[in-house]
Amino acid sequence: MKKIVLFALLFCLVENNYAQTVRTTLPDTTSNWIKKNKVGLDITQITFLNWNAGGNTSISGLAKGSFERKYLKDNMMWNNELVIRYGINKQEGQDARKTDDQFLLNSTFGYRTDTISNWFHVAKFTFNTQFANGYAYPNTELAISKPFAPAYIFLGIGANYTREDLNLDVYMSPLTLKTTLVFDERLANQGAYGVTKAEYDDFGNLIRKGKNIRTEVGALISGKWKKTIFENIEMENRLTLYSDYLNNFGNIDVDWQLQLEMTVNKYVKANITTHLIYDDDIKTKEDVAGVQVIKGPKIQLKQILGIGLSYSF
């Protein structure tokens, strides 16, 4: 028995020394990939019981995630980003309502002439849609948006300026193809989101269905900038400007997101987010006496304040 124990101890000692020798002799390998993952859940809850001033008990939640994969080696770079958000609100006496909904995928492939330059010649792909139907509340019978209705695809070539030390990324494209998808027959027949609407005869009979795809060619400028403005407070700006060459050139579509992230500790963070959109092709819809009425384009603004859990890995 003693021989077996001594043999086992000797084997462990030899194996440990061999492992240490291998670790010291093998060269270190450094990956060219940078991976960043962040997931979070914000919850807001209000409860009233015999509250003289009145009010409705409510609870809301927002699930979110961002995932980045960046590759940089010598003169070549490939950046990929996935952003997902989905939020709901439930008030007393009402069904659950959607408060936020986003699926965004960015992919940029670039090449630079030398390893010290911050300028890249790039091709960029962007896809943006949503997870669930959207409504002009209180009307929940007719959806004003759906998954892939709309969905936006941007594909272009241009120049990208990147400064990792400043957390700055700017993309400029003189040639970008924008495709709008409306894969819902009712919305397409209405001409929603800029697609060609359906044609009817004098008796209201359908002659030609609305188109599901709209294609534009134009110029695009987009930027992303992060900055720590105070201790434990980080600001992130995202701005996209697009103008179509063929239809009303000079009319600019604007998509601007501003977020302030305030760190309480490693896992608890508060967020203030504003999202402003103006697109001449997006007509607003209002519920008038139970009837959905289509209005002209307007500035769209969304603001969210939340506190919750956040985990990076």
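Worth a mention:
- Alpha-carbon gyration tensor eigenvalues x 5, square-rooted, for the chain, Å: 46, 30, 20
- 0 to 90° range, to nearest 10: angle between helix 2-25 axis and the chain longest Cα axis: 60 degrees
- Scattering curve values for segment 122-209, log₁₀ I(q)/I(0), Debye with Cα scatterers, q = 0.10, 0.18 Å⁻¹: -0.43, -0.88
- Cross-link reach list, aspartates and glutamates versus residue 209, counting only Cα pairs under 18 Å and skipping chain neighbours closer than eight places: 184, 185, 199, 201
- Once exposed loop GluC sites (Glu not before Pro) are cut out (DSSP; at most 14 other Cβ, 10 Å), longest piece of the chain: 1-91
- When the chymotrypsin sites (Phe, Trp or Tyr not before Pro) in segment 111-215 are filtered for DSSP coil states and for at most 15 other beta-carbon atoms within 10 Å of their beta-carbon, the remaining sites are 131, 148, 183, 203.
- Dipole magnitude of segment 228-311, debye to nearest 20 (Cβ charges: Lys/Arg +1, Asp/Glu -1, about Cα centre): 280 debye
- Distance in nm between pseudo-label sites at residue 303 and residue 47 (7 Å out along the Cβ direction from Cα): 2.9 nm
- Helical content of the chain, expressed as a calculated mean residue ellipticity at 222 nm, amounts to -3000 deg cm²/dmol (DSSP H runs of 4 or more residues, -39,500 (n - 2.57) each, divided by residue number, nearest 500).
- The fraction of accessible area contributed by carbon and sulfur in the chain is 62 percent, rounded to a whole number (1.4 Å probe; ligands and nucleic acids excluded).
- Per residue, the chain exposes 63 Å² of solvent-accessible protein surface, assessed with a 1.4 angstrom probe and all protein chains in place.
- Pairs exceeding a 31 Å alpha-carbon distance, out of 90/124; 70/178; 64/283: 90/124.
- Residue 210 sits among other residues whose Cβ lies under 14 Å from its own Cβ, and their net charge, with Lys and Arg +1 and Asp and Glu -1, is +3.
- Candidates 223, 204, 156: whichever shows maximal mean-square fluctuation once the chain is modelled as a Gaussian network with Cα springs under 10 Å: 204
- Counting only protein heavy atoms and using a 1.4 Å probe, the accessible area of residue 33 comes to about 100 Å².
- For segment 35-100, taking Cα atoms only, Rg and Dmax work out to 19.6, 67 Å respectively.
- Per-selection Rg to Rh, segment 221-265 - Cα, Kirkwood hydrodynamic radius: 1.24
- Stretching the chain fully between residue 260 and residue 82 yields a gain of 62.1 nm (0.36 nm per residue, less the alpha carbon separation).
- log₁₀ of I(q)/I(0) at q = 0.12, 0.28 Å⁻¹ - segment 90-141, Debye sum with one point per alpha carbon: -0.53, -1.08
- Ranking 294, 203, 153 by how far each Cα lies toward the positive end of the dipole of the chain (charges on Cβ) leaves 153 at the top.
- Relative to its Kirkwood radius, the Cα radius of gyration of segment 190-304 gives an Rg/Rh of 1.14.
The values are calculated or read from the model by the stated rules, or taken from the named source; none is laboratory data. These numbers come from a predicted model, not from an experiment. Methodologically, a virtual Cβ is constructed for each residue, glycine included, from the backbone with ideal geometry; neighbour enumeration extends over all protein chains shown. Side chains are part of the model used for accessible areas, which takes the heavy atoms of the whole protein and leaves out ligands, DNA and RNA. Shrake-Rupley method; radii C 1.70, N 1.55, O 1.52, S 1.80 Å.
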